Amino acid sequence: MSRFFSAKYASLQAYTPGEQPRDAQYVKLNTNESPFPPAPAVTAAAAQEAERLNLYCDPACTELCAAAARQYGLLPENVLPVNGSDEILYFAFMAFGDERHAFTFPDVTYGFYPVYANVNHVPAHIIPLREDFTIDPADYCNLGENIVIPNPNAPTGIALSVSQIEDIVRTNSDAVVIIDEAYVDFGAESCVPLLGRYDNLLVTQTFSKSRSLAGARLGFGLGNPALIQDLNTVKYSVNPYNVNRMTQAAGIAAMQSGDYYRQNCLTIVQNREYTTQALAEMGFETLPSKANFIFTQCPDIPGGALYQALRERGVLVRHFDQKRTENFIRVTIGSRPQMDAFLDAVREIRKERGI
Ligand SMILES: *Cc1c(COP(=O)(O)O)cnc(C)c1O
């Protein structure tokens, strides 16, 4: 730390992103990216737009908003495109949280929420998941506090139904409820249809997972026009050109390539069921996932040791070294060859240990 670092950040615990190795020697199942490249029309659109990189992009993302509005059945004023959905979450903590307006979220969830609370000096109200790692919706009803919940939750992969979420949104009408739908395209139900009925609901989505655009950084905030306006006030106070030219073009092309991405999502879901089944045959317990990852534990090998042994065999997964999660590993669902490489490595590790 330099002697210039502001005292207000002295105790900040920054988020640690999953490893992004620079060489390709790993089977990379650690940050929930798609194993499939973007659709050909997406790469072409981005390449064409690259010729105009000397000019600033459209700060209002006019065409991208129109395309997203059509795709989600909303109006452009319901949509705010952002630099990855992490950015809309950050904007929302800035816009709706302060010392007297806490944010509530589960104890086992996306690791960025406590960091956003901390950096914005917003109190975090943390509610433990049930013993089986499910969210009890009743814990969140009538709280009168801002809430953020991923659906499906990460890193568990467990989803709530839209009607369970609607109860939470309806009974907290004087606070903002954010549903983080980063993984919704792999089998959960979207809350976008609720937006017409509730002015306190903000749905966030990302093109990083199901749309193969993690490296382009594109997410969306979807909500009532007044909420979106507040978030725009924050955006224009921080970084008006937050979604670059190539990403705006790529996003529009991605929305025109729906069939390609739907097929990829189906493949991922099949690979998820295949992997879960193969692990079950080895005695693993896997939480019921509706995401492009699984959270699984081996009865005989602690999560940290399994993570390390997989790494030594060139397979990267994620391990969360906290009390409730330390026995688990989170495994991104990739292509079938990637999942076979992972399963083979697990079999070898067990064999070596005489299990
Ligand atoms: C991956 C992820 C995000 C954000 O991803 P971006 O790449 O910033 O769009 C948000 N929430 C959860 C729960 C995630 O896992």
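Skip the ligands, DNA and RNA, and give the accessible area per residue of the chain with a 1.4 Å probe, whole Å².
Details: 16210 Å² over 355 residues.
So the chain comes to 46 Å² accessible per residue, rounded to a whole number.
Answer rounded, prolate or oblate for the stretch 195-349, using the Cα gyration tensor with square roots of eigenvalues a ≥ b ≥ c: rounded when a/c is under 1.5, else prolate when a/b is larger than b/c, else oblate.
On the way: a/c = 2.30, a/b = 1.94, b/c = 1.19.
Prolate, since a/c reaches 1.5 and a/b exceeds b/c.
Would you mind checking which residues have amide H under 5 Å from Phe328's amide H? H placed 1.01 Å from N; only 5 or more apart, or other chain.
Amide H neighbours of Phe328, under 5 Å, 5+ apart: Gly303.
Calculate the tail of P(r) for the stretch 186-256: the fraction of all Cα-Cα distances greater than 18 Å, expressed in %.
Numbers: 1235 of 2485 pairs.
Tail fraction, whole percent: 50.
I want to check a number: in the chain, how many lysine pairs have alpha carbons closer than 29 Å, given a sequence separation of 8 or more or different chains?
Qualifying lysine pairs in the chain: 11.
With viscosity set to 0.890 mPa s at 25 °C, what whole-number translational diffusion coefficient in µm²/s follows for the chain from Stokes-Einstein and a Kirkwood radius over Cα pairs? Intermediate results must be reported in sequence, preceding the final value.
Numbers: Rh = 21.2 Å.
My calculation gives 116 µm²/s for D.
What's the magnitude of the charge dipole for the stretch 81-226 around its Cα centre, counting Lys and Arg as +1 and Asp and Glu as -1 at the beta-carbon? Answer in Debye, nearest 20. It would help to have the intermediate numbers written out before the result.
On the way: 7 positive and 18 negative charges, 86 e Å.
For the stretch 81-226, the charge dipole is close to 420 debye.
When only C-alpha pairs under 8 Å and at least 6 residues apart count, what is the relative contact order of the stretch 1-158, in percent?
Numbers: 127 pairs, mean separation 29.9, N = 158.
Taking the mean separation of contacting Cα pairs over the length of the stretch 1-158, I get 19 percent.
Tell me, Kirkwood radius of the stretch 1-62 from alpha-carbon pair distances, in Å?
Working: mean 1/r = 0.0591 Å⁻¹.
One decimal place: 16.9 Å for the Kirkwood radius.
If the chain between Tyr274 and Gln25 were fully stretched, how many nm would it gain, using 0.36 nm times the residue separation less the Cα-Cα distance?
Details: separation 249, 0.36 × 249 = 89.64 nm, distance 2.41 nm.
87.2 nm is the gain from fully extending Tyr274 to Gln25.
With a point put 7 Å past each Cα toward its Cβ, work out how far Thr134 is from Tyr9 in nm, to one decimal.
4.2
Along the Cα→Cβ direction, 7 angstrom out, place labels at Glu281 and Glu348. What is the inter-label distance in nm?
1.9
Take the solvent-accessible surface of the protein heavy atoms, probe 1.4 Å, and return the percent of it on the chain that carbon and sulfur atoms account for. Working shown, then result.
Values: 8170 of 16210 Å².
Looking at the chain in its full context, I get 50 percent from C and S.
Nearest 10 degrees is fine. How inclined is helix 62-72 to the longest principal axis of the chain, computing both from alpha carbons?
Tilt of helix 62-72: around 60 degrees.
Cα axis of helix 258-281 to longest principal axis of the chain: angle in degrees, 0 to 90, nearest 10?
With both axes taken from Cα atoms, the answer is about 30 degrees.
Run through every distinct alpha carbon pair of the stretch 259-355 and return the Kirkwood hydrodynamic radius in angstroms, one decimal place.
Working: mean 1/r = 0.0734 Å⁻¹.
When all Cα pairs of the stretch 259-355 are included, the Kirkwood radius is 13.6 Å.
Contour minus end-to-end for Leu266 and Arg70, with contour as 0.36 nm per residue of separation and end-to-end as the Cα-Cα distance?
Numbers: separation 196, 0.36 × 196 = 70.56 nm, distance 2.29 nm.
Gain on extension, Leu266 to Arg70, equals 68.3 nm.
With just the Cα atoms defining each centre, how far is the stretch 142-199 from the stretch 30-92? Give it in Å.
Here the answer is 22 Å between Cα centres.
The values are calculated or read from the model by the stated rules, or taken from the named source; none is laboratory data. What you see is a predicted model; the values in this text were computed from it and never measured. Don't worry about glycine lacking a Cβ; one is built from the backbone with ideal geometry, like all the others, and counts go over all protein chains shown. We work out accessible area using only protein heavy atoms, side chains counted, and drop any ligands, DNA or RNA first. Shrake-Rupley method; radii C 1.70, N 1.55, O 1.52, S 1.80 Å.
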